[in-house]
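Right, one structure below, let's go through it.
The values are calculated or read from the model by the stated rules, or taken from the named source; none is laboratory data. Just so you know, these numbers come straight off a predicted model, no measurement behind them. Cβ atoms come from the backbone with ideal geometry, glycine included; neighbour counts cover every protein chain shown.
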């Protein structure tokens, strides 16, 4: 069966039907979306905190102390430092007792559960 094609809405290149954009335009579209989200929807105070020197120092300490995910049975390297009690729920921002190293996968699961509780 022949493959059906359409045109990329950004540049007009020929692409397969199931794709939304061509390979060259996909990263540009994502970058534009991230920029718009950052400008219009992201909490600027939170962004400021997570970009602060204090946070990065504490984050580095946590990841050097325990470089693996804190979830039992997960031996993946930790790439996220998570607040056990969320800041918006009264958790301390820079308290080492309130921080845990997680892999990206388990951080996403924990964050989704917290959102569901709200």
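Filtering 30, 6 for residues that are more than 27 Å from residue 117 (Cβ to Cβ), surrounded by 11 or more Cβ atoms within 10 Å (Cβ to Cβ), out of contact with any helix residue (DSSP H, G or I) (no Cβ under 9 Å at 6 or more places or on another chain) and modelled with pLDDT of 90 or more leaves a single hit, 6. Residues that are surrounded by 14 or more Cβ atoms within 10 Å (Cβ to Cβ) and without any contact (Cβ under 8 Å) to a residue 24 or more places away in the chain were ranked within segment 60-83; the one that is farthest from residue 45 (Cα to Cα) is 81. The set of residues in segment 1-48 being assigned to a loop (DSSP other than H, G, I, E, B) and within 30 Å of residue 86 (Cα to Cα) consists of 41, 42, 43.
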